[in-house]
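Chemist: Sharing a structure with you now.
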Amino acid sequence: MGSPRRQSNTEVLLDKALEGAREAGAEVEKVLVSKLKISPCLEIYACLKDGNCAIKDDMQSLYKKLLEADHIIFASPIFFYSITSQAKAIIDRCQALWVRKHVLGMGGEDKRVRRGVFISIGATRGEKLFDGAMLTVKYFFDAIGVKYSGDLLVRGIDNKGQIEEYPAALEDTFRLGQELVRGSRDGQ
Ligand SMILES: Cc1cc2nc3c(=O)[nH]c(=O)nc-3n(C[C@H](O)[C@H](O)[C@H](O)COP(=O)(O)O)c2cc1C
């Protein structure tokens, strides 16, 4: 959950998706990135040695969760046509996992098909509102060995809790969570 505010529009959507995932049989865990202490990537490149990041903070336990999860829901509102800086810090720190895969050739033994979906929301309605964020999340999923399998993108929502007035979006996100677990979004 990449929004810094609690009970945010993003969190309401994410909770519905997690409800759907649970309903489809998954055990779920929600990570609130704003509660974690995560440094931005410092470009030390210690990860080139063995794929491990030298910065010892909350990211160390998050690496484990990101690699263990069968599926991932990444949720962030749009901040300046991208994801929030809290969410981006996590992605940048996954450079260590990108290095494992693309430089060190590690991770080939994991044969699971891991799927990921992206939930996002923004205040305006422009056609390109989610383009930047979607590209970032797609390449993040690729770095951690997750297949981009769908998204739920909602325009025109600004005030805290406003998303509650859009039951269709809440139903769509519940279904997204269900389909993520069932694999029926796999073809996207
Ligand atoms: C720093 C900041 C930057 C934002 N940038 C954009 C933007 O580029 N485009 C947009 O449509 N909305 C933008 N918004 C509005 C949020 O996307 C919108 O309020 C959203 O509903 C917040 O989601 P949340 O309640 O999950 O935090 C911005 C809001 C903030 C605080």
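The values are calculated or read from the model by the stated rules, or taken from the named source; none is laboratory data. These numbers come from a predicted model, not from an experiment. In this analysis, Cβ positions are derived from the backbone assuming ideal geometry, glycine residues included, and neighbour counts consider all displayed protein chains. Accessible surface is based on the protein model in full, side chains and every heavy atom, while ligands, DNA and RNA are left aside. Shrake-Rupley method; radii C 1.70, N 1.55, O 1.52, S 1.80 Å.
Chemist: Below 8 Å, C-alpha to C-alpha, sequence gap of six or more: please give me the relative contact order for the stretch 37-188 in percent. Could the numbers behind the result be given before it?
Modeler: On the way: 202 pairs, mean separation 36.6, N = 152.
Result for the stretch 37-188 is 24 percent.
Chemist: Given labels modelled 7 Å from the Cα in the Cβ direction, how far is it in nm from residue 138 to residue 24?
Modeler: 2.1 nm
Chemist: Also: For residue 182 and residue 128, calculate 0.36 nm times their separation in residues minus their Cα-Cα distance, and state this gained length in nm to one decimal.
Modeler: Numbers: separation 54, 0.36 × 54 = 19.44 nm, distance 2.97 nm.
Extra length from residue 182 to residue 128 when fully extended: 16.5 nm.
Chemist: Expected output is a single nm value to one decimal: the length gained when fully extending between residue 168 and residue 153, i.e. 0.36 nm times separation in residues minus the C-alpha distance. What is it?
Modeler: 4.2 nm
Chemist: Counting only protein heavy atoms and using a 1.4 Å probe, what share of the accessible area of the chain belongs to carbon plus sulfur, as a whole percent?
Modeler: Values: 5080 of 9870 Å².
Taking all protein chains in place, the chain shows 52 percent carbon and sulfur surface.
Chemist: Report the local net charge at residue 15: Lys and Arg +1, Asp and Glu -1, summed over other residues whose C-beta lies under 15 Å from its C-beta.
Modeler: Working: positive: 5, 6, 16, 22, 30, 160, 175; negative: 11, 19, 23, 29, 164, 171, 172.
In short, 0.
Chemist: Please list the equivalent ellipsoid semi-axes of the stretch 1-78, computed as the square roots of five times the alpha-carbon gyration tensor eigenvalues, in descending order and whole angstrom.
Modeler: Details: eigenvalues 146, 54, 16 Å².
So the equivalent ellipsoid measures 27, 16, 9 Å along its semi-axes.
Chemist: Please arrange 113, 137 by accessible surface area, largest first, computed with a 1.4 Å probe and ligands excluded. Display every interim value, and only then the final one.
Modeler: Values: 113 85, 137 0 Å².
Reading off the accessible areas and sorting them downward yields 113, 137.
Chemist: Here's a follow-up. Top to bottom by accessible area (1.4 Å), largest first, where do 84, 124 land? Don't skip to the end; give the middle numbers.
Modeler: Values: 84 0, 124 70 Å².
So the residues, ranked largest to smallest area, are 124, 84.
Chemist: Tell me which residues come under 5 Å, amide H to amide H, from residue 161 once H is placed; ignore anything under 5 positions away on its chain.
Modeler: 9
Chemist: Helix-only mean residue ellipticity at 222 nm, the chain, DSSP H runs n ≥ 4 weighted -39,500 (n - 2.57), per residue, nearest 500. What is it? Write down the numbers at each step before the final one.
Modeler: Values: 7 runs with 75 residues, N = 188.
Computed ellipticity for the chain at 222 nm equals -12000 deg cm²/dmol.
Chemist: By per-residue mean of other Cβ atoms within 10 Å, what is the highest-first order of 76-83, 28-35?
Modeler: Averaged packing, sorted descending, gives the order 76-83, 28-35.
Chemist: Once the stretch 101-150 is represented by equal point scatterers at the alpha-carbon sites, with solvent omitted, what log10 I(q)/I(0) does the Debye formula produce at q = 0.32 Å⁻¹?
Modeler: Normalising to I(0) and taking log10 leaves -1.23.
Chemist: From Cα pairs below 8 angstrom and at least 6 apart in sequence, can you work out the relative contact order of the stretch 21-122, rounded to a whole percent? Don't skip to the answer; put the middle values down first.
Modeler: On the way: 96 pairs, mean separation 35.5, N = 102.
It comes to 35 percent, rounded to a whole number.
Chemist: Quick one: of the DSSP bridges fully inside the chain, what percent are antiparallel, nearest 5? Working shown, then result.
Modeler: Details: 1 of 14 bridges.
Antiparallel: roughly 5 percent of the beta bridges in the chain.
Chemist: May I pose another question? Under 15 Å from the Cβ of residue 51, count the other residues' Cβ atoms, weight Lys and Arg +1, Asp and Glu -1, and hand me the total. Intermediate results must be reported in sequence, preceding the final value.
Modeler: Values: positive: 49, 64, 93, 100, 101; negative: 50, 109, 110.
Residues close to residue 51 contribute a combined charge of +2.
Chemist: In Å and from the alpha-carbon atoms only, list the Rg and Dmax of the stretch 39-188.
Modeler: Over the stretch 39-188's Cα set, Rg and Dmax evaluate to 16.4, 50 Å.
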